[in-house]
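These notes concern the structure reproduced below.
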Amino acid sequence: MRLFFDVEGAKLVPDGPVMREKPVLLMLHGGPGADHSIYRPAYSALADIAQIVYLDHRGNGRSEDGPREGWTLAQWGDDVRAFCDALGITDPIVLGASFGGMVALAYATRHPDHPSKLILISTEARGGSYPDRRVELFERFGGPEVGALARRRFLQFHGHPDQASRDAWRQLAMPLYFRTPRDPDMARRAVNRPEVSHWFTRPGGECDNFNMFPDLHRIQCPTLVMGGEDDPMHPIESQADIAAALPAHLVQFERFANCGHAVVPDAPGRAMALIREFIGRPK
């Protein structure tokens, strides 16, 4: 399987008369079906303290497809470990947002001795969690029409039953994920593979049926969990549940008021300061 990746920042940097090695920050993008461009250029600011490696999951972005039966969280999580082994990456700090956070959890629970730290943003550990809360938030921010769409997706069909549903969701609901408008240049650069999203979010698909809570106790590394209190897609309760399930001495849970599904664009100052401090903190 050929996986696309990109790198920002040198691995070794001068530190007086010697060279100092920086940790690898491995970025797992959301979606599914999207690519790593959602993280750029915001996360480039961390290249002074980490070598940033952006990965497109199999079937996503510029990576190869493989059979659809391999488009699973378990496979995507195993791919992270295999990718690191192929490149000689050890002890990575793995950051995943939304769907990328689900992949990060699959990777960390299946390969608990591999990551040095985890950063989980706006994600969930059990598919389809808090459906009534999602409907309530979408209706609050988008009105009755969007509320009806959310009710159809989260309560009636547990996924998108047809293309008309997907189109309506993209046009009316997706703009409500965020409080800050998306960068149009990022959208122009992005490579989207809608067939992966269709597969993952179909009625009966894994999006609404996975459950990693029985395995969260396997995570052995410090974990930063972040979420927006106005996130209608993965309500803050989902992040609170992840934080509560992890060993208390390993977890740092940060809530962001007036933020939606992406805390870095919605609250860049505080979010990036927390991530920067967490990366630099001794394990």
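The values are calculated or read from the model by the stated rules, or taken from the named source; none is laboratory data. Fair warning: this is a prediction, and the values are worked out from it, not measured in the lab. Glycine also receives a Cβ, built like all others from the backbone with ideal geometry; neighbour counts cover every protein chain displayed. All accessible areas refer to the heavy atoms of the entire protein, side chains included, with ligands and DNA or RNA removed. Shrake-Rupley method; radii C 1.70, N 1.55, O 1.52, S 1.80 Å.
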Under 5 Å, built H, 5+ apart or other chain: amide partners of VAL251: THR223
If you average the C-alpha positions of region 81-130 and of region 27-52 separately, how far apart do those two centres end up, in angstrom? 14 Å
With a sphere of radius 15 Å drawn around the Cβ of GLY9, what net charge do the other residues whose Cβ falls strictly inside it have (Lys, Arg +1; Asp, Glu -1)? 0
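Counting alpha carbon pairs within less than 8 Å and at least 6 residues apart, what relative contact order, in whole percent, applies to the chain? All intermediate terms of the calculation are to be shown ahead of the outcome.
Numbers: 571 pairs, mean separation 56.0, N = 283.
Relative contact order of the chain: 20 percent.
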Whole angstrom only: what separates the Cα centroid of region 146-205 from the Cα centroid of region 233-283? 24 Å
Roughly to the nearest percent, how much of the accessible area of the chain is carbon and sulfur, given a 1.4 Å probe? 54 percent
For the chain, report the accessible area per residue in Å² (1.4 Å probe, heavy atoms, rounded to an integer). 42 Å²
Area accessible to solvent at GLU277, 1.4 Å probe radius, in Å²: 90 Å²
In percent, how large is the relative contact order of region 111-174, given Cα pairs closer than 8 Å and 6 or more residues apart? 26 percent
For the chain, what does -39500 (n - 2.57) per DSSP helix run (n ≥ 4), summed and divided by total residues, give at 222 nm, in deg cm²/dmol to the nearest 500? -10000 deg cm²/dmol
